Structure formats: structure tokens, C-alpha cells
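What follows is a single structure, written as C-alpha cells, with notes after it.
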Amino acid sequence: MTGEELEAQKKQEEANEDDVSEEEDERLPFANARIVRILKANLKREHQVKRDVKLAANKLVGEILSDISQSMDQEEYFTLSIEHFNKAARKYKEIALTQKRIRRIQKVLEKQRAELDEIVTEIELDLPSDHATQQ
């Protein structure tokens with residue numbers, strides 16, 4: 001591709017970021033351009049993000065915030081503090097911790113399986129074979 005073609009492709013991609021109509025943007029919880037910037041900032045490689053992904057991400061973030069808000073609404077206090085927010089958002093923040101725990105457990109189990117396989121192999125080597133006992 002020539003420099004001009006690359007520039008044209010880049011402009012097209014930027015135009016695609018704003019392909020949400022204003023009417024649709026009004027129904028979304030957040031400004032779609034901001035959601036797209038966050039998505040792209042966290043992608044390590046260059047990707048073109050399709051419109052339905054942008055909309056789904058926007059709606060998901062809105063649903064998460066709605067859930068947190070509903071949880072905070074259960075508080076008896078008139079003034080909500082960061083402690084109330086953190087309590088309501090705990091389940092979303094703990095997802096990464098849970099995934100780390102699961103990976104750690106998997107590694108321990110894999111290590112134990114390898115040790116058990118080694119023990120089984122040693123036992124099989126120590127036992128006289130059926131062939132030898134029949135002679």
C-alpha cells in the first residue's frame with residue numbers, strides 16, 4: 001500500500017468510529033467515541049472494531065453502572081461515599097482476582113497430576129510384571 005492509501009484507510013477507520021447516528025447516540029449510556037477510545041487504547045495490536053462491538057461495549061458498561069447504582073440504592077444513608085461504591089462494585093473488581101485464583105489452582109493440580117503420574121510409573125516399574133510371575 002502506498003502512503004496515500006494508508007492515509008485514506010486511516011481516515012476511513014476514524015470515520016467508522018463515529019458511525020453511530022446522533023439519534024442512536026442519545027439512547028446509549030455513554031458517548032460512543034469515548035468507549036471506542038478506551039477499547040482501542042487497550043488493544044495491543046491494530047484492529048478495526050466493528051460497530052456492533054462498540055454498541056455492545058457501550059451498553060454493557062451502562063448495565064454494569066446501573067447494577068452498581070441499584071446496589072448503592074439499597075444503602076440506608078442519604079449521602080453515598082466511595083465505600084458504598086466500592087462495596088457495590090466489589091463483584092466486578094473481584095473477577096480478575098477470581099481468575100488468578102483459578103489459574104493458580106490449575107497449576108497446583110497440574111503439578112500434582114505430574115507427581116501422581118511419576119509415582120504410578122515408579123510403582124509399575126517396581127511391580128513384577130504378570131509375564132514374569134507366570135514363568
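The values are calculated or read from the model by the stated rules, or taken from the named source; none is laboratory data. From a predicted model like this one, the values you see are computed outputs, not experimental measurements. With ideal geometry, Cβ positions are generated from the backbone for all residues, glycine too; neighbour counts draw on all protein chains shown.
Condition test on Gln74, is it exposed (fewer than 10 other Cβ atoms within 10 Å of the Cβ), within 27 Å of Arg27 (Cα to Cα), in contact with a helix residue (DSSP H, G or I) (Cβ under 9 Å, 6 or more places away or on another chain) and not hydroxyl-bearing (Ser, Thr, Tyr)? Against the criterion (exposed (fewer than 10 other Cβ atoms within 10 Å of the Cβ), within 27 Å of Arg27 (Cα to Cα), in contact with a helix residue (DSSP H, G or I) (Cβ under 9 Å, 6 or more places away or on another chain) and not hydroxyl-bearing (Ser, Thr, Tyr)), Gln74 qualifies. The residues on offer are Lys59, Lys44, and the sole one that is part of a loop (DSSP other than H, G, I, E, B), closer than 25 Å to Glu94 by Cα, free of Cβ contacts under 8 Å to residues at least 40 places away in the same chain and not hydroxyl-bearing (Ser, Thr, Tyr) is Lys44.
Exactly one residue out of Leu65, Leu109, Leu116 is of a type in the set (A, V, I, L, M, F, W, C), modelled with pLDDT of 90 or more and closer than 30 Å to Pro29 by Cα: that is Leu65.
One residue stands out in the stretch 36-50 among those that are closer than 17 Å to Val61 by Cβ and of a type outside the set (D, E, K, R): the one that is surrounded by the most Cβ atoms within 10 Å (Cβ to Cβ), namely Val36.
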